[in-house]
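The values are calculated or read from the model by the stated rules, or taken from the named source; none is laboratory data. Because the structure is a prediction, the values reported are computed rather than measured. So basically every Cβ, Gly included, is an ideal-geometry build from the backbone, and we count neighbours across all protein chains shown. Side chains are part of the model used for accessible areas, which takes the heavy atoms of the whole protein and leaves out ligands, DNA and RNA. Shrake-Rupley method; radii C 1.70, N 1.55, O 1.52, S 1.80 Å.
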Amino acid sequence: MKYCDESWWQDFFTKDLAEFYASLEGLLSARDALINELSGDMAQVLADPQRRDLALRVLFGGLDEGCLEKIRHYHPTYEWVKGVGSIGISNVDITSCIRGGKAAHFYREVLGIGLAEQFDEDMKMRGGLLNQLKTMSFEEISKEKLGISIKGYDKTIIMNDLSEMRKIVGKIYNYLKKKQVIQVQHEQANYGLDLVKAFEDFLNKSIKLLPLYNPFTFFIQSLRSTPRPYLSIMYGEELFSDPVRNLMSKYGVELTKILDPGLYVQSKNDELAIIGHKDGSVGKLIDELVQKIYDIISKLNSYGYLVSDEDEYKKYVKAKYNEEISAGYTLEKLMTEADFDYKKYCQGRDIAVERGVVKTYEQVFERGEFKIRDETTIGYERFLELFSPLLFLGIAWIEGGELHVACLGG
């Protein structure tokens, strides 16, 4: 790791992250441009051949005649379900034909572009439009007013993640600008109205930031919640020298104590502490950004868009499970042969330390109060033996007073 070399830090913020930011802004601008291009009453949009082709692709792209026929006959009824609210029950199933890989799905479910925010209402409007087109020509429709229009809705899961990403990267560059650390000329990528190209470029730039491929984000991830002694083994004591601390601080990477053994001698507590990023620091923000990238790729894969041959986070976990750690054997060997139930931590468990003893447990709310159950205790030094490699590699992490382990299949 080149953490001592300031040019390494500069390269990340002026190249890797800057290119990602340019693609993100370019994607969001292309979406805005498309929505603006197709704004107005649908009758006027359909009157213009160029806008018409684009609008029909957004609403019906990739759908076969059977699917279009289902949309024409889509008339859901609504029932009130206690604890859920009103739900639509349809006479036909159209979710199976508007699926990942189809343009109509991409524009609506991924980018939040359609005739209405709610799926049922949107499909009813699309069905009405298809039935209207059966009875009138485009020229005839152009003389009328249909009362429906294509709009953007920002509450899809992907759009929400994109918005959060923009905020995260904005905070990072605002910090660097305020501290006058580097000067970055943000050049927004220009995709015109080609949202498919824009999204592909965004995904490519996103994947390049993942710790499996990017040494800088791996370094930042390794500082998320790792015992100080293990960081000294992996990176050397120089990591904690004043010049390196000052360099990290200059770029907003501030470390703080997350957990210590709770011994009487404070110097020993500091020496054995688990340290991680301060809340709101650039390091913490980069970790959050990486998680958002994982989330988006996972969601796209669940929709049927095969972004990569397998889920990127699972790919990372598999790679690190089979990688040799400092002890000279693989993480998988450590976890398999250790007399310890790591799977218990797949969903997270509360963690506390007192007088050199680590306690993990679950909290349940029963009869108006929280109760502790399934408490496990382990010596702090044994805890470091079992968890240091996992914490360093990001296979385990401590967040919000909970210890988590990323289990394959767990």
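Here is a check on your reading of the model: is Ile207 touching a helix residue (DSSP H, G or I) at 6+ places or on another chain (Cβ under 6 Å) and touching a residue at least 60 places away in the same chain (Cβ under 8 Å)?
Taking the combined requirement at face value, the residue does not satisfy it.
Consider the stretch 158-193. How many of its residues are among the β-branched types (Val, Ile, Thr) and touching a strand residue (DSSP E or B) at 6+ places or on another chain (Cβ under 9 Å)?
Here the count works out to 0.
Kindly indicate the residue of the stretch 339-357 that is closer than 21 Å to Ala273 by Cα and more than 30 Å from the chain's Cα centre (by Cα) and also least open to solvent (accessible area, probe 1.4 Å) among those meeting that condition.
Among those residues, the one meeting the criterion is Gly356.
Within the stretch 299-393, which helices (runs of 4 or more DSSP H) (wholly inside it) include 1 or more residues that are under 29 Å from Val265 (Cβ atoms) and free of Cβ contacts under 8 Å to residues at least 40 places away in the same chain?
Details: elements: 312-321, 331-337, 380-393.
In the stretch 299-393, the matching helices (runs of 4 or more DSSP H) lie at 380-393.
One residue is enough: does the stretch 274-283 have a residue meeting the conditions in contact with a helix residue (DSSP H, G or I) (Cβ under 6 Å, 6 or more places away or on another chain), at pLDDT 95 or above and outside any helix (DSSP H, G or I)? Talk me through it step by step, then tell me what you get.
Step one: of the stretch 274-283, the residues in contact with a helix residue (DSSP H, G or I) (Cβ under 6 Å, 6 or more places away or on another chain) are 275, 277, 282-283.
Now restrict to residues that are at pLDDT 95 or above: 275, 277, 282-283.
This time we only want the ones that are outside any helix (DSSP H, G or I), so: 275, 277.
Yes: the stretch 274-283 contains one or more residues that are in contact with a helix residue (DSSP H, G or I) (Cβ under 6 Å, 6 or more places away or on another chain), at pLDDT 95 or above and outside any helix (DSSP H, G or I).
Has the stretch 146-155 got any residue that is buried (at least 18 other Cβ atoms within 10 Å of the Cβ) and either of a type in the set (Phe, Trp, Tyr) or under 19 Å from Glu69 (Cα atoms) (or both)?
no
With Thr376, Thr336, Thr360, Thr330 as the choices, which residue is open to solvent by 20 Å² or more (accessible area, probe 1.4 Å), of a type in the set (Val, Ile, Thr) and closer than 22 Å to Arg224 by Cα?
Thr330
Look at the stretch 260-281 and say how many of its residues are open to solvent by 10 Å² or more (accessible area, probe 1.4 Å), in contact (Cβ under 8 Å) with a residue 12 or more places away in the chain and β-branched (Val, Ile, Thr).
So the answer is 1.
Is there a residue in the stretch 153-172 that is more than 30 Å from Ile35 (Cβ to Cβ) and either assigned to a loop (DSSP other than H, G, I, E, B) or polar (S, T, N, Q) (or both)?
Looking for residues that are more than 30 Å from Ile35 (Cβ to Cβ) and either assigned to a loop (DSSP other than H, G, I, E, B) or polar (S, T, N, Q) (or both), one finds none in the stretch 153-172, hence no.
May I ask you to list the residues in the stretch 379-410 that are crowded, with 19+ Cβ neighbours inside 10 Å, among the small types (Gly, Ala, Ser) and farther than 18 Å from Ser232 by Cα?
Within the stretch 379-410, Ala396, Ala406 qualify.
Tell me the residue from Glu121, Glu200, Glu164 that is among the acidic types (Asp, Glu), closer than 30 Å to Ala319 by Cα and without any contact (Cβ under 8 Å) to a residue 12 or more places away in the chain, please.
After applying the criteria, what remains is Glu200.
Filter the stretch 239-259 down to residues that are in contact (Cβ under 8 Å) with a residue 12 or more places away in the chain and either of a type in the set (Phe, Trp, Tyr) or part of a loop (DSSP other than H, G, I, E, B) (or both) and give me whichever is most open to solvent (accessible area, probe 1.4 Å). Walk me through how you get there before you give the answer.
Initially, the stretch 239-259 is screened for residues in contact (Cβ under 8 Å) with a residue 12 or more places away in the chain, giving 239-240, 243-244, 247-248, 250-259.
Filter once more, keeping what is either of a type in the set (Phe, Trp, Tyr) or part of a loop (DSSP other than H, G, I, E, B) (or both): 240, 251-254.
Working: Phe240: 25, Tyr251: 0, Gly252: 4, Val253: 5, Glu254: 61 Å².
Only one residue tops the list, namely Glu254.
I'd like the full set of residues that are open to solvent by 10 Å² or more (accessible area, probe 1.4 Å) and closer than 16 Å to Arg166 by Cα, limited to the stretch 291-315.
Of everything in the stretch 291-315, those that are open to solvent by 10 Å² or more (accessible area, probe 1.4 Å) and closer than 16 Å to Arg166 by Cα turn out to be Gln291, Lys292, Tyr294, Asp295.
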